[in-house]
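Read through the structure below, which is laid out as structure tokens, and then see the notes.
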Amino acid sequence: MASDRVVERRRIFHQYKEDVKERGKPFYPYAMFHDTVMSLVVVAVIIGLAVVWKYTTPGNHHTTAAGWLGKLYDKPADPGTINFVPRPDWYFYFLFYLLRIFKWPNSVLLGTIGIPTICLILLLAIPFLDVRLERRLMRRPVAIIASILVVASMGILTYKGATAKEALGSELIAKVPSWAKSEGFSNNPTAIAGAKLFAVSGCLNCHTYNGVGGSQLGAPNLTAEGAKNKGLAFEIAHLKCPACVNSGSPMPSFAGLGQGNLVKLATFLVASKGGK
């Protein structure tokens, strides 16, 4: 039976080659020429749109005014924002929502690497696993059901990701009571408010605090920042202009948070003395 299928496949392939010789055209130069012309057209369109975008923008080169195709530049990013929630492009919403299902740290690798990789491997393997000649949809129930399930799951995950409501820094804010208890500022409402700001202002992208954070760019551990006795005024000045206080510091300015919020953050840092 297996040998009969191999013979039939070889016969069909041989017939295909004969048909190409009789009625088809070789890839070179015909198809290659068409692909080259189409590629040049696409590149020309992209260059043309870039030129229009560049030279229809009013004002100087760093203006935020919009031209025919939009703005060249937007307003500078504010590293101290506590309102912006980063979201991916729409075609990554399904993966974005998987992160809400497979939470860190126990299963996030399964959701972000494991499942997509397995699906991609299966997709690449299908032509080698399914070699039947039958292509009528009604006689391929497994393929049809699998396709429907894939499309439905991708659609649902994409919709869920697009409509998901983010609780800004909720996981980090939930740690504030334990921080306050371990650091001893449970009775200091200003320090607690500063800890919440610290949790949602992106500070932990670089710094670490009580075992949480990124430890990037050589940013120090702030768990015992208050034990250094730098004082409230120093902490406020450093938050406003880190490079002014520590020359060459890569830390961005958080002056955009406002004086009141800077006082809360500084109070939190001063109250953080490393715990017991």
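When the stretch 138-153 is filtered for residues that are farther than 25 Å from ASP89 by Cβ and surrounded by 10 or more Cβ atoms within 10 Å (Cβ to Cβ), the ones remaining, listed by number, are ARG139, ARG140, ALA143, ILE144, ILE145, ALA146, ILE148.
Being within 22 Å of VAL85 (Cα to Cα), surrounded by fewer than 18 Cβ atoms within 10 Å (Cβ to Cβ) and either in contact with a helix residue (DSSP H, G or I) (Cβ under 7 Å, 6 or more places away or on another chain) or modelled with pLDDT of 90 or more (or both) is the requirement here; does VAL212 meet it? Here the answer is yes, as VAL212 does meet what is asked.
Give GLY226, GLY256, GLY274, GLY194 a once-over and let me know the one that is in a helix (DSSP H, G or I), over 32 Å from the mean Cα position of the chain (by Cα) and surrounded by 13 or more Cβ atoms within 10 Å (Cβ to Cβ).
GLY226
Look at LEU222 and say whether it is in contact (Cβ under 8 Å) with a residue 60 or more places away in the chain, in contact with a Gly (Cβ under 9 Å, 6 or more places away or on another chain) and not basic (Lys, Arg). Judged against the criteria, LEU222 is not a match.
Put simply, of GLU235, GLU225 the only residue that is in contact with a Lys or Arg (Cβ under 9 Å, 6 or more places away or on another chain) and modelled with pLDDT of 90 or more is GLU225.
Only one entry of ILE236, ILE156 meets the criterion of being in a helix (DSSP H, G or I), under 30 Å from ASP89 (Cα atoms) and without any contact (Cβ under 8 Å) to a residue 40 or more places away in the chain, and that entry is ILE156. Mind checking which residues of the stretch 104-122 are more than 14 Å from SER153 (Cβ to Cβ) and either assigned to a helix (DSSP H, G or I) or outside the structural domain of THR158 (by TED's automatic domain parsing) (or both)? VAL108, LEU109, LEU110, THR112, ILE113, GLY114, THR117, LEU120, ILE121 - these are the residues of the stretch 104-122 that are more than 14 Å from SER153 (Cβ to Cβ) and either assigned to a helix (DSSP H, G or I) or outside the structural domain of THR158 (by TED's automatic domain parsing) (or both). Only residues that are part of a loop (DSSP other than H, G, I, E, B) and either over 30 Å from ARG9 (Cβ atoms) or out of contact with any helix residue (DSSP H, G or I) (no Cβ under 8 Å at 6 or more places or on another chain) (or both): list them for the stretch 123-133, please. The answer is ARG132, and nothing else.
The values are calculated or read from the model by the stated rules, or taken from the named source; none is laboratory data. Predicted model, so just to flag it, every value in this text is computed and none were measured. Every residue, glycine as well, gets a Cβ built from its backbone with ideal geometry; the counts of neighbours run over all protein chains shown.
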